[in-house]
Each structure stands twice: as C-alpha cells, then as structure tokens.
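Worksheet for the structure shown next.
Nothing in this text is a laboratory measurement; each read-out follows from the coordinates by a stated rule. Quick caveat: nothing in here was measured; it's all calculated off a predicted structure. So basically every Cβ, Gly included, is an ideal-geometry build from the backbone, and we count neighbours across all protein chains shown.
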C-alpha cells in the first residue's frame, strides 16, 4: 500500500518571529527553518506503517521554494522512500496546496495521505480537509491513533469533548495531531542514505494547477505586549489583590 | 449580503461559541441566518431562532446527520449555500467547525479564513498567525467567504430577543464515507473550559493525575473550569480536551490561574488574552511570570491548599 505524506517547511517552532519594519510580512531572513512539527508526526506514522508491513512505499511531497528540498531530505532520512518537490515561488495557500496534492495523488494513487493537522506558521488547519473534499475521500482529522486493516481504517480523533473513534474506508486523508506518536530523530547513517534516495521536481504548471492566491495579506503587526511581571508574596496577598484590585473573585 | 452561520450543537443545545459567531456576523453586516444540521435537533433550532439578530433558522434534519461527520455536514452546508446565495459562511472555530469548514470551502472552490478575531469589513479580517505572536489583516477576493470565528474575539450575542422563522430544508444525501463507532467524552461538573469565567490550568509541575485533585478542589471553590498544558496531557494527568494552547483550546476568561506551567509560547497562544493572569510556579525564571499580573513563586503543593482554604 502506498502512503503519501505532505510536509511543509516552516519557521522553527522555537524562533521568536518578528515582523518586517514595513508590516508587509514576517521577517524570515536568516531564521532557522524546520519541518512543521505536525508533519514530523505524519512522517513518523507512515514509517511505522511501513515497519509494520502495511505500507509498501512512502512518498514525501512538499510544495514551495527550492529550499523545500531540505525538508524532503529530512523526510527521506526519517524513512520515506521517494520525494516529490512541487517547485514554485508563488505564495501558496491551503486551497492551492490541496489542489497540487490532489494532482500528485492522481499520479501516485496512494491508499492513504497523511498530513500534519496544521502548520505552525499560518495556523490555518485546512489543507488535509480540503484535499479530502477535492478527492471525494473520507477524512480522519486530529488523529491520535490510526489502525489499518485491509481496506478500512479506524481513527481515534481528538474532539472538543474528548475522543471520537471513526471508521472509514481507504483511500482516505488523515491529519496528524500531537499525540499520534513521538517522532524519531534522523540518524546520521540515514541522513547519508537519504542523499541517494530519488527526488523528483515538478511544478504547478506541469500538474495543471492554478495556484493564484485568493487571500491578500494587507499587513501584519505584533500585538501589544502584555505587561506582566507582577508579584505577590503569599496567598493572603494574592487573594486580597484578586478581590480588591482585580475584582476577579 | 447574507451570512449563514453553522451552528455547533449536540442535537439538544447550542454550543456557546455559536453565539460569538453570530456577533462576528453582525459586524460583517447584512442578514444573518443560522443553519442547524442535525438529527432530532428541533430544540437547537428553537434556541437558534431566539438569538438576537438572527433573521432565519434553516433546519436540516436527518438520521445520517446524527453523528455530525464532516463529510455529511459539509455536503448539506454546500447544498444550502448554493441554493441560498449566501455571501458569507461562518462557523465557530471549535473542533467541529475546524473539521467541517475547510471541506465546505474546497467544495465551493473558495479560500477559508481561519480563526478571525476582528471583522474590519465584509471582506477584510484580522487573524492570528505564528501562535498568535503576529496578527495578520487579510482580504479575501472570493465571492463566498468561508470563515471560522475564534470565539474569544467576539462577545456572545444575546440568547433571547430574536424570533426568527424556522425553515425546514432537506439534508444532502448520506455520503456514507464515515461512521462514528465510539466516543470517550469527559464528564465533569466543572463549567465548560472555553466559556468559563475562571480557568485553573495545571502543567507538568502538578506531577500526577492524582495531584490534579488539588486543583479540582480550588476549582470547585471558584466555580472554575479546569485546563492543562500540553505537558500535563502528554503525561496522562488529564484527558486531551483539557489542553489549552496553540493547537488546543483557546480561552480568554476573566481569570486564568496557571499552576506549575512554565509558559511556553505555544501555551501562551491559548490564554494570553485572559483578563487577569495568575501564575504559581516554584521556578522564579519561568517565562509565565513575564505575562502574569500576579505571580507567586513557591511550592504549588503548599500554595494551592492554602489558596483553597482562604476562599472558604
């Protein structure tokens, strides 16, 4: 069974982002970039499926700048077999990415597509669901457990009130949540081996997809910093302040 | 210009965040309709019809909407949006809204704007990115705007004062793509986390599921909801629906008490708009103190019982 995993190159989660002086966007010059943490979880899940003998081939795909090759090499080092870069320097938004992934899926015919549930840069949480809709496939979002048996999948999902278990048929789209698994680290031997694994490059034009953005960012600002640092010496002072000053209790 | 609000509900009652979505629609302008898609959800339709500012309730009822799968709900929404000529489709950014709406957007071939916190005009909105450390003002060029609304950005519309007509409509056919086979829902006497006036959250410092009972005692005194950091959930102290943070629940209560929580950016993303923040942690260098209005450095195992007793 072929598994397709989509990975995104994002600003590393530890970086404190700053906006450019003109407010046109976030400053990413010389900033550390990494694979989106939820996508690491997606890759790990695919690799575990392969180790269980359920997945036969893992294809990693990323869309964007040439530098996304680094993210794909990481996916290969973690255990993906092949990588596809859909190269463009047009600003990609979730609907466009979903259309690109649909085109890739049409060629690759995977039984399962796994994505991270959201990217930590745009925090959109849309691409997996959009892809499933475009493909007419069922979706298992915010997955914390994935069990495959034959042509069916049982997914445990994190929902507002706790957990929900769904049963869907394959092919399907799954989006990975925090607790689906704990991703491995790429070992040095695997990083070296990854350099030899196949990586093909294609483009939106070659896939026949219009990736024109639908949403324009007019400006970005850092919200006003909260004034913190207040201290109380003991519980008595805390209770007094909450009652009399903050009027919170 | 007409907005269709997708009600979040459990077939018996509306989820609180639906009321905040109505307010967002009021700021957009134009008529506001509410779609209740469910199974035997008449009470929800009646409740929606009572919301101040709602002109019409559209009620699609069918057994196959009973488990509210994204595939079935989205199909019904899309059919109604197309038939009704809606210009805006809004849902609260709850787990339900986040699961369903992108499917709707893709089927309509339009973009989605996730988690708006401000409406600037009928096509321009403000939303958080980078875990809320940056606010982006964005404009959609699509003829239909599909939007999820972050409840903490808007007041709740009044539950009474409206007297909308309820129009029954056919649900889209069962897509038969997904079946809900089980649920593990938290049962608690505590108020609901995202709408509570006071929230007490525990982090890794609480140390165990057993120790969370200390926080429960305090929560009972304050009639507070209980939340948690990712670390506490990962460690198994509390179930996942307690998680407050960038990818968990977003809360903005009158009072947020962070106990044994270090204050990583990802946690702050879920609570930094609280009116008053209290932090209790034995590490004076914990980042949480930088945003706390009242920080108390010390051992939570002594402080929390003392705090609970002081409130008697």
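Some points to look at:
- Cα convex hull of segment B:40-163, projected area averaged across orientations, nm²: 8.1 nm²
- Inter-part distance, segment A:61-113 to segment A:29-44, computed on C-alpha centroids, equals 13 Å.
- Prolate/oblate/rounded label for chain A (Cα gyration tensor, a/c 1.5): prolate
- Between residue A:233 and residue A:32, the contour length at 0.36 nm per residue exceeds the alpha carbon distance by 68.4 nm.
- Considering only A:66, A:29, A:127, the Gaussian network model of chain A with Cα springs below 10 Å gives its largest mean-square fluctuation to A:29.
- Per residue of B:277-285, other chain Cβ atoms within 10 Å of the residue Cβ number 2 on average.
- With respect to chain A, whose longest principal axis is taken over its alpha-carbon atoms, helix A:68-78 is tilted by about 80°.
- If R0 is 25 Å, the Cβ-Cβ spacing of residue B:159 and residue B:1 corresponds to a FRET efficiency of close to 0.55.
- Based on Cα atoms of chain B, Rg over Rh with Rh as the Kirkwood radius reads 1.00.
- Euclidean distance between Cα centres, segment A:195-246 to segment B:7-79, Å: 29 Å
- Three-way shape label, the protein assembly as shown, alpha-carbon gyration tensor, a/c 1.5: oblate
- Note on A:207-217: average number of Cβ atoms from other chains within 10 Å of each residue's Cβ is 4.
- A straight line joining the Cα centroids of segment B:140-161 and segment A:134-160 runs 29 Å.
- In degrees, nearest ten, helix B:17-28 long axis to first principal axis of chain B (Cα): 60 degrees
- For segment A:48-115, the square roots a ≥ b ≥ c of the C-alpha gyration tensor eigenvalues yield an a/c of 1.5 or more together with a/b not exceeding b/c, which makes the shape oblate.
- At an R0 of 35 angstrom, the distance between the Cβ atoms of residue A:222 and residue A:182 translates into a FRET efficiency of 0.60.
- Counting, for every residue in A:7-20, the Cβ atoms of other protein chains within 10 Å of its Cβ and taking the mean gives 2.
- Counting only alpha carbon atoms, the long axis of helix B:300-310 and the longest principal axis of chain B meet at about 80°.
- Distance in nm between pseudo-label sites at residue A:212 and residue A:240 (7 Å out along the Cβ direction from Cα): 6.6 nm
- Fewest-first sequence of A:179, B:103 by Cβ atoms within 10 Å of each Cβ: A:179, B:103
- Label-point gap, in nm, between residue B:120 and residue B:186 - each point 7 angstrom along Cα→Cβ: 3.6 nm
- Cβ crowding within 10 Å ranks A:52, A:219 as A:52, A:219, fewest other Cβ atoms first.
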